[in-house]
Amino acid sequence: MEKIRFGIIGCGGMATNAHVVGFNKIADKCQVTATCDIEEDRAKNTAELLGAQFYTTDYKQVAEHVDAVLIALPHDLHHEVGMFFLSKGVHVLMEKPLCNTERECLDVIEEAEKRDLTLMCAYPVPFHDWVVKLKELIDSGEYGEIFQMSIWTEQYTDCETFPWAKSAKRLGGGQLFSHGCHYIDLLLRFLGKPVSGTHFGTNKGTPWMEKEGNSNVVMKFENGAMGYHFGTWGARGSSHGYDFQIFTDKGFFEYNKEKDTIIWKCDWDPNAKGPKIIEWKFDDNSKQTQNEIEYFIDCIREHRKPMTDGRSALEGLRVIWKLYEAEENNTIADLRGLGF
């Protein structure tokens, strides 16, 4: 089977710090044949790291060299560049968020559908080994039914390496839109259809951000479960760091990135003398972008809709826009009917 020819559009931090590693791990399935960046040295360096024969500063020169592209550009460029490649018959793996407005999202979704091309939003978290395992454990029913899921992502991101992210217009919003979209997407996957929610954000502690650098979201779901997400780009220290907690009517799951371990704990197990604890240990707490790229390739070859397709991505962004709107109006967001 011939390898899928990939182009990388945007050779900044996400491409070089994460995707280069991912592409190299699945070199048997695809070949990066072209790279592009407005800074020629970055395009050249990424090409050398991946063995690409062509690099350029003009993304329009890439189309003839590839079957698919990864677009890892500032968010306000996603629509223009995505539409170009789809119009040339190229499959698109779009870094999150899909686009900055609903109309832009619908444009790329409809263009991909019209041309029968694969469009996927690059949310790597659903493909992480520990998330796959956690979802499998929950879906088994053995560990009870979720009534609360909480996600903490606490980091320091001063945006010096990507100053465009300070701009609310270029970023599409603030920390919630840019980074929290990962975890809104994940809450929807674990908890189902949202009903209502609130968001409070501030740039206190992150004064470089035009919009929020710190974000708190609470959502209620159709099944009665609750979801919570706290994210910050201003953490100078943290006890949570990157931590997921799920409470069920039988016990408690926790994943901590630093330990790379899922823990199940049940203090009320009638068959145990004391707390019952089970651990699942993993050995790769990197971004694991190779998993999403490999999945994207399989979707192209098997002509099937990706789990994180354009319409799924748009649903999560609609939730965020509703939360932003309600925050501005000092109301509770109505989150019903935002899916497809």
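Only one of Gly192, Gly241, Gly237 is surrounded by fewer than 23 Cβ atoms within 10 Å (Cβ to Cβ) and under 22 Å from Leu338 (Cα atoms); which?
Unique residue meeting the criteria: Gly192.
Give me the pairs, please: first residue somewhere in the stretch 296-316 and closer than 16 Å to Cys105 by Cβ, second residue anywhere and acidic (Asp, Glu), beta-carbon distance under 8 Å, and either six or more positions apart or on two chains.
Thr308/Asp185; Thr308/Glu292; Ser312/Asp185; Ala313/Asp185; Leu314/Glu102; Gly316/Asp185
Only residues that are closer than 25 Å to Gly227 by Cβ and more than 17 Å from the chain's Cα centre (by Cα): list them for the stretch 158-187, please.
Hit for the stretch 158-187 is Ala168, nothing else.
Give the residues of the stretch 37-58 that are outside any helix (DSSP H, G or I) and either closer than 15 Å to Leu93 by Cα or of a type in the set (Gly, Ala, Ser) (or both), sorted by residue number.
Within the stretch 37-58, Gly51, Ala52 meet the criteria.
Is it the case that some residue within the stretch 69-77 is assigned to a helix (DSSP H, G or I), in contact (Cβ under 8 Å) with a residue 24 or more places away in the chain, touching a His at 6+ places or on another chain (Cβ under 6 Å) and not assigned by TED's automatic domain parsing to the domain that holds Leu191?
No, that holds for no residue.
Going by what's in this entry, would Gly339 be described as surrounded by 14 or more Cβ atoms within 10 Å (Cβ to Cβ), outside the structural domain of Gly141 (by TED's automatic domain parsing), of a type outside the set (Lys, Arg) and out of contact with any strand residue (DSSP E or B) (no Cβ under 6 Å at 6 or more places or on another chain)?
yes
Considering every residue within the stretch 8-22, establish whether at least one is assigned by TED's automatic domain parsing to the domain that holds Leu86, over 17 Å from Phe162 (Cβ atoms) and assigned to a loop (DSSP other than H, G, I, E, B).
So far as the stretch 8-22 goes, no, none of its residues is assigned by TED's automatic domain parsing to the domain that holds Leu86, over 17 Å from Phe162 (Cβ atoms) and assigned to a loop (DSSP other than H, G, I, E, B).
Can you find a residue that is under 14 Å from Ala15 (Cα atoms), free of Cβ contacts under 8 Å to residues at least 60 places away in the same chain and outside any loop (DSSP other than H, G, I, E, B) anywhere in the stretch 60-68?
No: zero hits.
The values are calculated or read from the model by the stated rules, or taken from the named source; none is laboratory data. Not measured: the values here are computed from a predicted model. Every residue, glycine among them, receives a Cβ derived from its backbone with ideal geometry; neighbour counts consider all protein chains shown.
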